[in-house]
Amino acid sequence: MLKLSRSAVEQYLNCKRCFVLTYKYKVRLNMLPFTLNIAVDNLCKNEFDQYRKKQKPHPLFIKHNIDAVPFKHPDMDRWRNNFQGISYIDPDINVNFYGAVDDVWEKPDGELILSDVKTTSKNKFDWEDVWNRFDYPKSYKRQLEMYQWLFRKNGFKVSNTAYLLYYNGLKNESMFNQVLKFESHLIKIECNDAWVSQVLIEATNLLKAEEYPKGSISCDTCSYLKKRWDISQKN
């Protein structure tokens, strides 16, 4: 059975050639882990777990008028594990699709809110500017939509509203003292996961086909390899 992660589907959307090379031929670049981002993720999860145990709202919920508490479920640790996550096996296309969510919140009526933690360091954090100028925020929205799709396929009632919890590292403090300070931004995202099923079918079919797709003009890896090849042919 084919096993595809949320990040694999995102790669399919970004560059079909790199997707095939990675998941069919196992050709991939080794990436250095973002260890500071991982540390922030873990600390955030630990903090939310304290409110999960008490079944009380996190202060951010009160500040932003979110009527919810961190969802208490025996599978929470598995859902947040990058190598396990929450999964759904689609028998029609014989694929196990999975993704690891950062946190889940529960409303009084049992509806779930999905959230993801992001970390950055900007002198001035302006989400509207980032959303309008860059493509990567759209991938964050798709990420949340894939999580929503997975939870719905597992029988949960899920809100279309999701949240990005952004921690912005303050890099211009006068003193360090081995303490990195952050400001938090809770960003509301209205999602629609209607596209996920079809894209999952297309990605699965591409891996089964003999097709070797063209690289995307917006793919940094393909652009680098093409330029490298062009230069090598001149020398």
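The values are calculated or read from the model by the stated rules, or taken from the named source; none is laboratory data. Since we're looking at a predicted model, the values are computed, not measured. Reconstructed Cβ throughout: ideal geometry from the backbone, glycine too, with neighbour counts over all protein chains shown.
Does region 159-170 contain at least one residue that is within 29 Å of His64 (Cα to Cα), out of contact with any Ser or Thr (no Cβ under 7 Å at 6 or more places or on another chain) and loosely packed, with under 15 Cβ neighbours inside 10 Å? Yes. Among Ser223, Ser218, Ser232, Ser184, which is part of a helix (DSSP H, G or I) and surrounded by 10 or more Cβ atoms within 10 Å (Cβ to Cβ)? Exactly one residue qualifies, and that residue is Ser223.
Taking the condition loosely packed, with under 13 Cβ neighbours inside 10 Å, among the acidic types (Asp, Glu) and farther than 20 Å from Thr161 by Cβ, does Asp41 pass? When the stated conditions are applied, Asp41 does not pass them. The residues in region 82-126 that are farther than 25 Å from Asn46 by Cβ and assigned to a strand (DSSP E or B) can be counted, and the count is 6.
Among Ile66, Ile62, which is in a helix (DSSP H, G or I), among the β-branched types (Val, Ile, Thr) and more than 18 Å from the chain's Cα centre (by Cα)? None of the others qualify; the one that does is Ile62.
Selection of first residues in region 23-44 that are closer than 25 Å to Glu202 by Cβ and of second residues that are modelled with pLDDT of 90 or more and among the small types (Gly, Ala, Ser), restricted to Cβ pairs under 8 Å at least 6 apart or on distinct chains, gives the following pairs, ordered by first then second residue: Tyr23/Ala8.
Answer yes or no as to whether Tyr136 is surrounded by fewer than 20 Cβ atoms within 10 Å (Cβ to Cβ) and either in contact (Cβ under 8 Å) with a residue 24 or more places away in the chain or not β-branched (Val, Ile, Thr) (or both). It is true that Tyr136 is surrounded by fewer than 20 Cβ atoms within 10 Å (Cβ to Cβ) and either in contact (Cβ under 8 Å) with a residue 24 or more places away in the chain or not β-branched (Val, Ile, Thr) (or both). Looking across region 15-36, just one residue is assigned to a helix (DSSP H, G or I), among the polar types (S, T, N, Q) and at pLDDT below 90, and that is Thr35.
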